[in-house]
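Colleague: Handing you a structure now.
The values are calculated or read from the model by the stated rules, or taken from the named source; none is laboratory data. All values derive from a computational prediction rather than experimental measurement. Here Cβ is always computed from backbone atoms with ideal geometry, including for glycine, and neighbour counts include all displayed protein chains.
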Amino acid sequence: MDRLTKAERSANMARIRGKDTGPERAVRSLLHRLGFRFRLHGVGLPGRPDVVLAKYTTVLFVHGCFWHRHSRCRFAYIPKTRRAFWAEKFRDNQMRDRRVAAALRDLGWRVFVVWECELRDVKALSRRITATLHDRQRTRR
């Protein structure tokens, strides 16, 4: 049983945004501090990536662990109510993520996913981003 009324639950869900989220803004800030320049919301690309780093032929998605089912993450829990609805919702999200990533790779883009929980260790995330993008730049030369 939900502890919130239907109206309260609806108001909570309406506040969830698809772009310019807190984690996305944090990743963009980190990229900027690291010296990377980028475009936002890849208009014209499959899945409209959160960040497009054209110089590195790389797109970046900032995934919420809950919505995109980060494996073995404590934030990827299943709500206790309407389990069938949530299972289908999560399955559809994961299938779309795989389909979009494959389409982007077919177009020659490298797909890089940052999970929401990775923002807890910014130094490790910085190292992973820097290593990946500099590796990509070396392979393009």
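Colleague: Mind telling me which of the residues M13, M1 ends up being assigned to a loop (DSSP other than H, G, I, E, B), modelled with pLDDT under 90 and out of contact with any strand residue (DSSP E or B) (no Cβ under 8 Å at 6 or more places or on another chain)?
Modeller: It is M1.
Colleague: Looking only at the range 1-15, how many residues end up being surrounded by 10 or more Cβ atoms within 10 Å (Cβ to Cβ) and aliphatic (A, V, I, L, M)?
Modeller: The qualifying residues number 2.
Colleague: Shifting gears a bit: Looking at the range 101-127, which of the residues that are part of a helix (DSSP H, G or I), under 14 Å from the mean Cα position of the chain (by Cα) and aliphatic (A, V, I, L, M) is surrounded by the fewest Cβ atoms within 10 Å (Cβ to Cβ)? Write out each step before concluding.
Modeller: As a first pass, look at the range 101-127 and keep what is part of a helix (DSSP H, G or I): 101-106, 116-120, 122-127.
So of that shortlist, the ones also under 14 Å from the mean Cα position of the chain (by Cα) come out as 101, 116-119, 125.
Keeping just the survivors that are aliphatic (A, V, I, L, M) gives 101, 119, 125.
Details: A101: 18, L119: 15, L125: 18.
Among those residues, the one meeting the criterion is L119.
Colleague: So G42 passes all but one of these: (1) within 17 Å of P23 (Cα to Cα); (2) modelled with pLDDT under 95; (3) under 16 Å from the mean Cα position of the chain (by Cα). Which condition number does it fail?
Modeller: (1) is the only condition that G42 fails.
Colleague: Would you check which residues across the range 45-100 are on the phi > 0 side of the Ramachandran plot, surrounded by fewer than 17 Cβ atoms within 10 Å (Cβ to Cβ) and under 14 Å from the mean Cα position of the chain (by Cα) and list them?
Modeller: Passing the criteria: G47, R48.
Colleague: Output the number of the condition that R69 fails; it satisfies all remaining conditions of (1) of a type outside the set (F, W, Y); (2) in contact with a Cys (Cβ under 8 Å, 6 or more places away or on another chain); (3) modelled with pLDDT of 90 or more.
Modeller: Evaluating R69 over (1) of a type outside the set (F, W, Y); (2) in contact with a Cys (Cβ under 8 Å, 6 or more places away or on another chain); (3) modelled with pLDDT of 90 or more leaves (2) as the failure.
Colleague: Okay, next question. Residues to consider are L53, L30, L4; find the one that is within 20 Å of A103 (Cβ to Cβ) and of a type in the set (A, V, I, L, M, F, W, C).
Modeller: L53
Colleague: Does K89 fit the bill of being closer than 30 Å to T5 by Cβ and of a type in the set (K, R)?
Modeller: In short, yes.
Colleague: Next question, about the same structure. Kindly evaluate L45 against the criterion of being closer than 23 Å to A103 by Cα, among the hydrophobic types (A, V, I, L, M, F, W, C) and touching a strand residue (DSSP E or B) at 6+ places or on another chain (Cβ under 7 Å).
Modeller: yes
Colleague: What pairs can you find where one residue is in the range 36-50 and under 23 Å from R128 (Cβ atoms), the other is in a loop (DSSP other than H, G, I, E, B) and polar (S, T, N, Q), and their Cβ atoms are less than 6 Å apart, with a gap of 6+ or different chains?
Modeller: none
Colleague: Name every residue in the range 8-23 that is basic (K, R) and either without any contact (Cβ under 8 Å) to a residue 12 or more places away in the chain or closer than 13 Å to V122 by Cβ (or both), in order of residue number.
Modeller: Selection gives R9, R15, R17.
Colleague: What is the one condition in (1) in a helix (DSSP H, G or I); (2) free of Cβ contacts under 8 Å to residues at least 12 places away in the same chain that A26 does not satisfy?
Modeller: So A26 meets the others, but not (2).
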